[in-house]
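The numbers here are math on the coordinates, done by the rules we state, and not lab data. Note that the structure is a prediction, hence the values are computed from the model and not measured. Reconstructed Cβ throughout: ideal geometry from the backbone, glycine too, with neighbour counts over all protein chains shown.
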Amino acid sequence: MSSEIIVLNLTEKSTLKDKVAELLPDGGNLNLCLTCGACSSGCPATGLENMDPRKFLRMAALGMDEEILKSDWPWMCTMCQRCIYVCPMKIDIPQLIYNIRGARPREERPKGILGSCDMALKNDSCSAMGASPEDFTFVVNDVLEEYQEAQPEFAEMEAPIDKQGAEFFVNQNSREPVTEPDEMVPLWKILHLVGANWTYGSKGWGGENYCLFLADNESWEHITRTTSRQADTLGCTTYLNTE
Ligand code: SF4
Ligand code: SF4
């Protein structure tokens with residue numbers, strides 16, 4: 001454990017915490033912390049950057065906005081929601097963290113997440129790798145043909161794209177068609193063996209939504225609407241998110 005001393009400037013007011021509280025129902029209960037530590041005990045990001053959710057909330061409550069904005073810890077939160085789940089006061093720490101991410105200028109947010117979000121905005125695939133609908137269609141058909149020929153028991157297996165009236169709209173990890181195309185096949189086999197009526201979409205097949213983790217609301221909405229619109233256009237009744 002670090003013995004770093006935190007110096008408080010108690011003349012400051014927490015503007016960040018108060019602003020986030022205004023956005024949330026019941027203020028996200030952000031002022032109700034009992035300091036019990038339950039949130040920190042189950043948080044996968046506890047200990048990273050010498051931080052944990054209880055400490056983070058305390059810093060926000062003490063008005064340490066500058067330190068909070070400078071910290072990279074909010075970007076290590078997985079948004080898993082364990083903290084709010086175990087919190088006796090149901091304090092919405094994930095929303096506090098999300099909005100603090102959003103308070104950092106977009107171009108200064110972590111490059112990996114930023115780049116993946118921007119890639120997903122490049123075309124209608126919504127793929128974090130930037131793969132186009134045409135490239136995806138080519139790879140899927142190519143791999144399918146290969147397996148149909150090599151494994152006669154799967155000669156009838158399908159990997160449909162834009163199949164009208166399919167029950168399940170299935171999305172796909174973006175890396176697989178680009179770097180590990182064979183990794184797509186086990187799911188196809190399962191869907192084939194259970195007789196599922198499914199399809200990918202040529203639009204919105206990319207399963208990740210890095211724009212959500214970037215706290216870029218507009219882009220997050222764009223990705224979500226592109227994929228759900230395609231599912232609706234095809235008449236699919238169930239959206240199967242593999243990510
Ligand atoms: S679990 Fe809730 S009440 Fe307990 S320290 Fe964490 S935020 Fe505070
Ligand atoms: S949502 Fe973030 S802060 Fe809360 S438990 Fe998960 S990783 Fe930790």
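Where does each of ASP26, ASP216 land when they are ranked from fewest to most other beta-carbon atoms within 10 angstrom? Don't skip to the answer; put the middle values down first.
Working: ASP26 10, ASP216 22.
By the 10 Å Cβ count, ascending, the order reads ASP26, ASP216.
On a full-extension model of 0.36 nm per residue, what is the gain between ASN50 and MET79, subtracting their alpha-carbon distance, rounded to one decimal in nm?
On the way: separation 29, 0.36 × 29 = 10.44 nm, distance 1.83 nm.
Stretched out fully, the ASN50 to MET79 stretch lengthens by 8.6 nm.
Could you list the square roots of 5 times each eigenvalue of the Cα gyration tensor of the chain, that is, the equivalent ellipsoid semi-axes, sorted largest first and rounded to whole Å?
One finds semi-axes of 43, 18, 17 Å for the chain.
Under the Kirkwood approximation applied to all pairs of distinct alpha-carbon atoms, what is the hydrodynamic radius of the stretch 170-239 in Å? Provide the component values of the computation, followed by the final result.
On the way: mean 1/r = 0.0754 Å⁻¹.
After inverting the pairwise mean of 1/r, the radius is 13.3 Å.
Among ASN123, PRO44, LEU30, whose Cα sits farthest toward the positive end of the charge dipole of the chain (+1 at Cβ of Lys/Arg, -1 at Cβ of Asp/Glu, about the Cα centre)?
Of the listed residues, the answer is LEU30.
In the stretch 81-96, which residues have a backbone nitrogen under 12 Å from the label point lying 7 Å from CYS36's Cα in the Cα-to-Cβ direction?
What the label zone holds, given the 12 Å backbone N cut-off, is 84-91.
Need one number: convex hull volume per residue for the stretch 15-104, Cα atoms only, in Å³.
On the way: hull volume 7.5 nm³, N = 90.
With only Cα atoms used, the stretch 15-104 gives 83 Å³ per residue.
Given the options ALA103, VAL185, ILE161, identify the residue whose Cα lies farthest towards the positive end of the charge dipole of the chain (+1 on Cβ of Lys, Arg; -1 on Cβ of Asp, Glu).
Value: ALA103.
Check cross-link reach from LYS163 to the lysines: straight Cα distance under 26 Å, and skip same-chain residues fewer than eight apart.
LYS122, LYS189, LYS203
So how strong a dipole does the chain carry about its Cα centre when Lys and Arg Cβ are +1 and Asp and Glu Cβ are -1, to the nearest 20 debye?
Details: 21 positive and 37 negative charges, 273 e Å.
That gives the chain a dipole magnitude of about 1320 debye.
Which of the cysteines in the chain are isolated, no other cysteine C-beta under 4.7 Å?
CYS33, CYS36, CYS43, CYS77, CYS80, CYS87, CYS126, CYS236
Place a +1 charge on the Cβ of each Lys and Arg in the stretch 111-240 and a -1 charge on the Cβ of each Asp and Glu, then give the dipole magnitude about the Cα centre in debye, rounded to the nearest 20.
On the way: 8 positive and 22 negative charges, 102 e Å.
Roughly 500 debye for the stretch 111-240.
Would you please state which residues of the stretch 174-201 a label at ALA150 would reach in this model, taking the label point 7 Å out along Cα→Cβ and a backbone N cut-off of under 17 Å?
176-190
Length gain on complete extension for the stretch ALA103 to ASP72, per 0.36 nm per residue less the alpha carbon to alpha carbon distance? Spell out each step's value before the answer.
Values: separation 31, 0.36 × 31 = 11.16 nm, distance 1.26 nm.
Using 0.36 nm per residue and subtracting the Cα-Cα distance, I get 9.9 nm.
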